[in-house]
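*Asks:* Sharing a structure with you now.
The values are calculated or read from the model by the stated rules, or taken from the named source; none is laboratory data. Everything numeric here is computed off the predicted structure, so don't read it as measured data. Neighbour counts run over all protein chains shown; Cβ positions are idealised from the backbone, glycine included.
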Amino acid sequence: MTMDFKNTTPVKKVRQWLHETAKKQEQQPVYSRQKSTAVRTCAFCGETFEGRYCPQCGTDNERTALTFRNALQNVLDVWGLGNRPMWRTIKELFWRPGYMMRDYLRGRQMAYFPPVKMLFLLAMFLLLEANLLGISITPDVNLEMGEGAREDTPAMVLQAQKDIMALGHSFVDWVFSHPAQMTIIECLVIIFLIARFFRNSPGFGSITRTESFFVQIYYECQVFCVMILAMPLYALASSKGQANIANLVSAVTPVTILIYICDFRQLFRFSLWQTVWRVAKLYLALYALILILALLIGIGIGFFLMSVANQ
């Protein structure tokens with residue numbers, strides 16, 4: 001005798017709870033304030049108007065005396081946190097990420113923190129936290145060449161190998177020391193894949209490359225948040241002097257893949273398995289591009305060394 005689990009009470013309650021949660025996530029939160037009907041005279045230009053902001057010069061006339069809140073907001077403005085609260089955007093990125101991205105792309109930009117600015121701030125916090133916890137920013141990469149070289153290897157070839165390795169070290173150091181810039185470069189590649197694999201979706205329609213860019217930037221902000229939260233645990237679990245950002249990225253990769261699936265499931269409204277399949281194709285295409293690029297670089301280095309040896 002088999003039991004129909006779908007008809008049991010606990011399963012029904014779970015399914016009902018998931019359905020109600022999805023409905024709440026899809027609803028657009030209201031962040032606008034009630035319109036003021038007070039008649040005011042602008043303190044800056046003398047215009048008489050109804051409301052809060054002067055239609056002539058845009059001055060906020062609701063504030064009168066300067067308070068500690070004004071001073072705090074001025075300090076936060078230096079870091080880009082004075083307007084459009086960053087914490088509210090982060091909360092929605094983990095509560096209703098795909099729906100929030102949809103709202104942003106459909107014109108509700110003023111409700112959320114600017115994505116590119118948010119990316120750079122989170123990258124700054126990430127590097128600061130890594131320095132405080134003693135986590136190496138650059139990975140331990142062994143790029144030494146020439147140790148096993150033959151005795152008859154020309155000196156010019158050995159010097160060229162050392163120059164290439166020095167350039168490789170400098171490149172790796174730059175990549176891991178500038179996560180925000182590298183993320184933007186990565187986004188410029190992935191946006192073509194998102195526009196290709198998630199076109200004509202039932203929830204968003206055809207997404208442009210520009211819209212894909214902002215979607216990917218918000219996703220990378222989620223990844224940075226996960227890394228910031230996981231970094232203290234990673235530092236405790238790692239051996240002293242062995243922790244670095246590259247290993248942390250590898251450790252959180254399964255979580256970031258789940259974030260991708262959740263984001264795109266809500267944004268594009270494909271079925272769960274269709275979303276998983278499209279995300280898998282996106283990753284396969286991305287790794288294929290990386291492999292092709294690595295092969296081209298390797299071939300270029302080989303031809304360069306051969307030309308040096310023939311001189």
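*Asks:* Restricting attention to segment 201-257, which residues are of a type in the set (A, V, I, L, M, F, W, C) and part of a loop (DSSP other than H, G, I, E, B)?
*Replies:* Passing the criteria: Phe204, Ile207, Ala243.
*Asks:* Moving on. Filter segment 238-293 down to the residues that are of a type in the set (S, T, N, Q) and over 19 Å from Tyr99 (Cα atoms), then identify the one that is modelled with the highest pLDDT.
*Replies:* Filtering first and then ranking leaves Thr253.
*Asks:* Identify all residues within segment 263-284 that are under 19 Å from the mean Cα position of the chain (by Cα) and surrounded by fewer than 19 Cβ atoms within 10 Å (Cβ to Cβ); write none if there are none.
*Replies:* Residues satisfying the conditions are Ala280, Leu282, Tyr283.
*Asks:* Would you mention how many residues in segment 77-127 are at pLDDT 80 or above and part of a loop (DSSP other than H, G, I, E, B)?
*Replies:* 7
*Asks:* Ok, one more. List the number of the failed condition for Ala230; all other conditions in (1) touching a residue at least 12 places away in the same chain (Cβ under 8 Å); (2) within 26 Å of Leu193 (Cα to Cα) hold.
*Replies:* (2)
*Asks:* Continuing with the same structure: Might you check whether a residue that is modelled with pLDDT under 60, surrounded by 12 or more Cβ atoms within 10 Å (Cβ to Cβ) and among the aliphatic types (A, V, I, L, M) occurs anywhere in segment 128-136?
*Replies:* Looking for residues that are modelled with pLDDT under 60, surrounded by 12 or more Cβ atoms within 10 Å (Cβ to Cβ) and among the aliphatic types (A, V, I, L, M), one finds none in segment 128-136, hence no.
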